[in-house]
Amino acid sequence: MNVPDDLLYTESHEWIKREGDNIRVGITDHAQAELTDVVYVEPPKKDRQVNAKEAIAVVESVKAASDIYAPVKGTVVEGNKELESNPALINTDPFGKGWIFVLKIDNPDDLKSLRDAAAYKQQIG
Amino acid sequence: MKIVKSRMLIMSEAAQKKTPLYDEHVERGAKMIPFGDWIMPVQYTSILDEHQAVRKNVGMFDISHMGQLIAEGKGAGPWLNEMLTNNIDKLAVGAGQYTFLLNDKGGIIDDLIVYRIGDQKFLLVVNASRTDEDFAWLDRHRLVGQVSNLPLAEVRKLEACATKDIDLTNRSKDFGGVAIQGPKVTELFVDLPERNHIADLELEGMPISIARTGYTGEDGIEVFFRASDAAKFWNMVLEKGERFGIKPCGLGARDTLRLEMCYPLNGSDLSPERNPIEAGLGFFVDLTKPKFIGREVLLKVKETGPGQKLVPFRMDGKAPPPRPHYSVFSNGGCIGEVTSGTLSPSLNYGVGMAYINAPHSKIGSKIEIEIRLQKFPATIEKKPLYKKS
């Protein structure tokens, strides 16, 4: 399983990429493999204020619906609209075109609660 | 992300039984999940790819978890005709029929296929999760012959004088089985039995039974063999099927394929609280038979009409896939509940089945499915949802 070293991770299988005051968020390669074929994505709406660990997006595979959580407190800058017409991007390019939303974070210190690649690798064994 | 598993796939986290093909699944990299008491492959590579392999070429499923009961003896035929809804007298040797095992209230204990495999010998292929319950129910009624309403204590008293002319055995552990489904099955196998018929033969030293049946809507067969031959048979078919594009398939594709055809899944679409008439499966109930368990109730349901009906529907426009337990609405009022749902890989829109109040259940009716507190438009369709072009 691919676990890029330059990203942060949550226990609930989201990846986080720091982009200045914002973070870009998606689900990991491990998570997309567990989910199987993604057929429907509901990204969050722009300007929504969210709390850490709040369910803000839904990813559905053929067999199940899964919630996606905000890793930290912040405001949604953008949801990935392309996933609405091409949900399989989550399977084919989970760390790239399969990103789900961008969040403007309230407090950069919150990111310290997230795990690094080594810790996430250990989690998924 | 939390992986929320659907009820269909996880009915119990309890003891996990392995089929004789377990090692083959693991070796080929299948994703294994608990299914009832069993651990089964949900997919090998992709549910969508496996689905398409069956629609276009051929795919093979492990169905070793399904149960096989054998009823034999002079009294077996007349007795089974009182246990099951369809008419066994219509079966010549080698023929099978879809039928129901009902409780005293007309509710569905199981849906199954019964084959006449000898003049007085019958094979019942039943759902994995119901095998033990079916056997216990049948065995109890075998002992008391035609008396169906006795308490267990009375049954025990009758055991001593039980009729000896019906043998009932549960052979599930002795057999493995696969379903080989898809249009190219007739290139892979020649001289297949007719639709809904079963034949015994020997293949490379393995005694097997081949039935021309399936759960996918494609031409196909279900093959049963000795559990000890399972791996050999599985690998032989995959090797011979390679040039036809055969794929090993999991329960995920099995579910999407059957749902496109509106074949019911016991435990989701069928249950002891539902009868075959409301499930829209009255075709498999012969009410002209003088006697069978559940008959009186079904006659009444037929007369008054069922309160709810199981109907297929499709999502209109862009919508999340429907899932079991979503509520169904019409003009703001709740009129039913979804029992099965998915994104149809062949049609590329959401499809499902739901029990809907009878007055709202007409084909073509516009309904709404509530998904995460939002209502999405849908239309009641005719069976099957997917028609081969």
Any chance you could count how many residues in the stretch B:345-360 are within 14 Å of another protein chain (Cβ to nearest Cβ) and touching a residue at least 40 places away in the same chain (Cβ under 8 Å)? 5
Any chance the stretch B:122-130 includes a residue that's within 20 Å of the chain's Cα centre (by Cα) and in a loop (DSSP other than H, G, I, E, B)? yes
Would you confirm, using the coordinates I've provided, whether A:Val39 is within 9 Å of chain B (Cβ to nearest Cβ) and at negative phi? yes
Restricting attention to the stretch B:131-142, does a residue exist that is acidic (Asp, Glu) and at pLDDT below 95? yes
Take the residues in the stretch B:64-87 that are among the hydrophobic types (A, V, I, L, M, F, W, C) and surrounded by fewer than 22 Cβ atoms within 10 Å (Cβ to Cβ); name whichever of them is nearest to the chain's Cα centre (by Cα). B:Leu69
Looking only at the stretch B:52-69, count every residue that is under 28 Å from B:Gly282 (Cβ atoms) and out of contact with any helix residue (DSSP H, G or I) (no Cβ under 8 Å at 6 or more places or on another chain) and tell me the total. 1
Can you tell me which condition B:Gly317 does not meet? The list is (1) surrounded by 12 or more Cβ atoms within 10 Å (Cβ to Cβ); (2) within 14 Å of chain A (Cβ to nearest Cβ); (3) over 22 Å from B:Pro264 (Cα atoms), and all the others hold. (1)
Residues of the stretch B:176-211 classified as touching a Gly at 6+ places or on another chain (Cβ under 7 Å) and over 22 Å from B:Val54 (Cβ atoms), total: 1
Residue satisfying all of: in the stretch B:43-57; outside any helix (DSSP H, G or I) and either within 11 Å of chain A (Cβ to nearest Cβ) or β-branched (Val, Ile, Thr) (or both); surrounded by the fewest Cβ atoms within 10 Å (Cβ to Cβ) among these: B:Thr45
When you go through B:Gly106, B:Gly96 one by one, which is the residue that is out of contact with any strand residue (DSSP E or B) (no Cβ under 7 Å at 6 or more places or on another chain) and either in a strand (DSSP E or B) or surrounded by 21 or more Cβ atoms within 10 Å (Cβ to Cβ) (or both)? B:Gly106
In the stretch A:68-88, is there at least one residue being without any contact (Cβ under 8 Å) to a residue 40 or more places away in the chain and in a helix (DSSP H, G or I)? yes
(1) in contact with a strand residue (DSSP E or B) (Cβ under 9 Å, 6 or more places away or on another chain); (2) at pLDDT 95 or above: which one isn't true of B:Ser12, the others all being true? (2)
Criterion violated by A:Ala31 - all others in (1) of a type in the set (A, V, I, L, M, F, W, C); (2) closer than 25 Å to A:Arg115 by Cα; (3) more than 8 Å from chain B (Cβ to nearest Cβ); (4) not in a strand (DSSP E or B) satisfied: (3)
Do you know which residues across the stretch B:332-360 are in contact with a Gly (Cβ under 8 Å, 6 or more places away or on another chain) and part of a loop (DSSP other than H, G, I, E, B)? B:Ser344
Residues being in a loop (DSSP other than H, G, I, E, B) and either farther than 27 Å from A:Ala57 by Cα or more than 25 Å from the chain's Cα centre (by Cα) (or both): count how many of those fall in the stretch B:308-331. 6
Whichever residue in the stretch A:43-76 is facing chain B (nearest Cβ under 7 Å) and either among the charged types (D, E, K, R) or touching a His at 6+ places or on another chain (Cβ under 7 Å) (or both) and, among such residues, is surrounded by the fewest Cβ atoms within 10 Å (Cβ to Cβ): A:Asp67
Suppose we filter B:Asp229, B:Asp167 for residues that are in contact with a strand residue (DSSP E or B) (Cβ under 9 Å, 6 or more places away or on another chain) and either modelled with pLDDT under 95 or within 28 Å of B:Trp79 (Cβ to Cβ) (or both); which single one remains? B:Asp167
Looking at B:Leu298, B:Leu287, can you tell me which residue is at pLDDT 95 or above, assigned by TED's automatic domain parsing to the domain that holds B:Leu270 and within 19 Å of B:Asn266 (Cβ to Cβ)? B:Leu298
Testing A:Leu89 on (1) closer than 27 Å to B:His51 by Cα; (2) within 14 Å of chain B (Cβ to nearest Cβ); (3) within 14 Å of the chain's Cα centre (by Cα), one condition comes back false. Which one is that? (2)
Do we have B:Gly75 as away from chain A (no Cβ under 14 Å), on the phi < 0 side of the Ramachandran plot and either out of contact with any helix residue (DSSP H, G or I) (no Cβ under 8 Å at 6 or more places or on another chain) or modelled with pLDDT under 95 (or both) here? yes
Those residues of the stretch A:15-28 which are in a loop (DSSP other than H, G, I, E, B) and closer than 21 Å to A:Ala55 by Cβ, in sequence order: A:Thr28
Can you tell me which condition B:Thr256 does not meet? The list is (1) touching a residue at least 60 places away in the same chain (Cβ under 8 Å); (2) within 16 Å of B:Ile356 (Cβ to Cβ), and all the others hold. (2)
Out of B:Met40, B:Met60, B:Met32, report the one residue that is closer than 25 Å to B:Phe189 by Cβ, within 14 Å of chain A (Cβ to nearest Cβ) and not aromatic (Phe, Trp, Tyr). B:Met40
Please pick out the residue among B:Thr342, B:Thr379 that is closer than 30 Å to B:Pro183 by Cβ and either buried (at least 23 other Cβ atoms within 10 Å of the Cβ) or within 14 Å of chain A (Cβ to nearest Cβ) (or both). B:Thr342
Go through the stretch B:222-304 and tell me which helices (runs of 4 or more DSSP H), entirely inside it, have 1 or more residues that are more than 14 Å from chain A (Cβ to nearest Cβ) and surrounded by fewer than 15 Cβ atoms within 10 Å (Cβ to Cβ). B:230-241, B:295-304
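The values are calculated or read from the model by the stated rules, or taken from the named source; none is laboratory data. On a predicted model such as this, the values are computed, not experimentally measured, just so you know. Cβ: placed from backbone, ideal geometry, glycine included. Neighbour counts: every protein chain shown.
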